[in-house]
Amino acid sequence: MVRSLVIALAIGYLSGSLPWGLWLSRWLRGVDIRSVGSKNIGATNVYRELGPAVGVPVLILDMLKGLLPVALVPGLPITAQFPGGFEWCRIAVGLAAVAGHVWTCFAAFRGGKGVATAAGVLLALAPQAFAASAIVFIATVSISRFISLGSILAAITFPMAFAMFNDGAQRPTFLLGVIIAGIVILTHRENIARLTRGEERRFSLRKGSRT
């Protein structure tokens, strides 16, 4: 059981740790994304500074590094003895992937804010609740043009939507949704401060927009 636990967590963490924003920015544009814009390696900063040709692939890859381990690892024979069974294995792997994105071992433990990877995890776990979160995200960003606000509200929406679609808040996945919402809020604490001061940068589809 301990072996299954360690292997599942390790795979989830290493998958989540892959810093695609850092790597693709360097490989495709010769830019260290940590030196421009918000200096964050996540898809939003990559998109703003280097455009959709780099930002969109980073977004997709960051989502996949959360979705794929959650979808695949619990079915491996080597994780069959995971403590608590299949659902707890999926949850642990997903949480490890988000932790890997936020504290990546490939970039001095300074990663992104966890939103895209968390989105991949939640999509794998509960598509209906994820869809509700995605609607909240799109609506919030469309109206306010604040990616940070949309991310926070979408993260908060997931556990509530999961409870509604899955007959209450008794499932372990609900707990994961609450933990991920807490992580997203924690990693966006500087954005929250800027929002309250009216200094948060609005999102634009145009590369390099400073609005």
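The values are calculated or read from the model by the stated rules, or taken from the named source; none is laboratory data. What you are looking at is a predicted structure, and each value in this text was computed from that prediction instead of being measured. So basically every Cβ, Gly included, is an ideal-geometry build from the backbone, and we count neighbours across all protein chains shown. Please note that ligands, DNA and RNA were not included when accessible areas were found on the heavy atoms of the full protein model with its side chains. Shrake-Rupley method; radii C 1.70, N 1.55, O 1.52, S 1.80 Å.
Remarks
- Matching label, mean projected area of the Cα convex hull in nm² computed from the structure shown, candidates [x] 12.5; [y] 17.9; [z] 11.4: [z]
- Of the solvent-accessible surface of the chain, computed with a 1.4 Å probe and all protein chains present, 68% belongs to carbon and sulfur.
- Taking every C-alpha pair closer than 8 Å and separated by at least 6 residues, the mean separation divided by the residue count of the chain gives a relative contact order of 22 percent.
- For the options 122, 195, 76, a Gaussian network treatment of the chain with springs between C-alpha atoms closer than 10 Å singles out 76 as fluctuating the most.
- Contact order normalised by residue count of the range 77-138, Cα under 8 Å, 6+ apart, percent: 19
- Space enclosed by the convex hull of the alpha-carbon atoms of the range 80-160, per residue, Å³: 97
- Using the 1.4 Å probe convention, the accessible area of the chain works out to 48 Å² per residue with neighbouring protein chains retained.
- Alpha carbon centroid spacing (whole Å) that separates the range 90-130 from the range 67-84: 16
- Sorted peptide list for 54-63, 32-41, criterion being average Cβ within 10 angstrom, highest first: 54-63, 32-41
- Per residue, the chain reaches -22500 deg cm²/dmol at 222 nm when only DSSP H runs of four or more residues are counted, each adding -39500 (n - 2.57).
- Neighbourhood charge, 12 Å Cβ-Cβ cut-off, centred on residue 194 and excluding it, Lys, Arg +1 and Asp, Glu -1: +1
- Where only C-alpha atoms are counted, convex hull volume of the range 141-211 per residue in Å³: 103
- The residues neighbouring residue 69, those whose beta-carbon lies less than 14 Å from its own, together hold a net charge of +1 under the Lys/Arg +1, Asp/Glu -1 convention.
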